[in-house]
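For reference, the structure discussed in these notes is given below.
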Amino acid sequence: MKTSARVQTCGKLYLAGEYAVLTAGQPAIIKAIPIYMTGEIQAASAYRLTSDMFNHSANLEPDPDYALIQETVGVMNTYLLTLGCQLQPFSLKICGKMEKDGKKFGIGSSGSVVILTLKAMAALYAVSYTHLTLPTTPY
């Protein structure tokens, strides 16, 4: 296990089929957008999640602002256990609001934050992955 890591992920834009994810088997055309979120993760004595989207941090106790990140951490922790990893609390700082020049675009920040959290945890635990097991772009 590493002591720290820094990862990035970009946004995505549906060019066609925006609601395809709601119906199985429906196609969509998606483009990665070069506006990035950054995650800085380091081993810690307790879980601490921070994001520049909110004015507070969280741990793994339910927090509606951090629910998506907390759920992602929980799922990844379960996966890490199946790999035989010994879980270690960490601090994860997420920066990037998927905006440019203060202008917010609808480019998938929820998908990006999930991928960013997974990539950060994989980097911290030195778990390798491919584009099939963990996309390098949000979708």
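The values are calculated or read from the model by the stated rules, or taken from the named source; none is laboratory data. Just so it is clear, the structure is predicted and the values come from calculations on it, not from any experiment. As a convention, Cβ positions derive from the backbone with ideal geometry for all residues, glycine included, and neighbour counts pool all protein chains shown. SASA here: full protein model, heavy atoms, side chains in, ligands and nucleic acids out. Shrake-Rupley method; radii C 1.70, N 1.55, O 1.52, S 1.80 Å.
Results, tabulated for the structure shown:
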item: All positions within the stretch 35-52 that are within 16 Å of the chain's Cα centre (by Cα), assigned to a strand (DSSP E or B) and of a type outside the set (Ser, Thr, Tyr); result: Ile35, Met37, Gly39, Glu40, Ile41, Gln42, Arg48, Leu49
item: When residues of the stretch 1-12 are limited to those that are assigned to a strand (DSSP E or B) and open to solvent by 70 Å² or more (accessible area, probe 1.4 Å), the one farthest from Gly84 (Cα to Cα); result: Gln8
item: Members of the stretch 16-27 found to be open to solvent by 100 Å² or more (accessible area, probe 1.4 Å), under 24 Å from Met37 (Cβ atoms) and more than 22 Å from the chain's Cα centre (by Cα), listed by number; result: none
item: Candidate set from the stretch 111-135 (those that are β-branched (Val, Ile, Thr) and open to solvent by 30 Å² or more (accessible area, probe 1.4 Å)); member that is nearest to the chain's Cα centre (by Cα); result: Val114
item: Some residue of the stretch 61-83 being touching a residue at least 40 places away in the same chain (Cβ under 8 Å) and assigned to a loop (DSSP other than H, G, I, E, B); result: yes
item: Residue in the stretch 81-90 that is of a type in the set (Ser, Thr, Tyr) and under 15 Å from the mean Cα position of the chain (by Cα) present; result: no
item: Asn55 at pLDDT below 95 and more than 15 Å from the chain's Cα centre (by Cα); result: yes
item: Pairs with Cβ under 7 Å, 6+ apart, first in the stretch 22-38 and in contact (Cβ under 8 Å) with a residue 40 or more places away in the chain, second β-branched (Val, Ile, Thr) and not in a loop (DSSP other than H, G, I, E, B); result: Tyr36/Thr9; Met37/Thr9; Met37/Ile94; Met37/Val113
item: Residue satisfying all of: in the stretch 58-80; open to solvent by less than 60 Å² (accessible area, probe 1.4 Å) and among the polar types (S, T, N, Q); farthest from the chain's Cα centre (by Cα) among these; result: Asn77
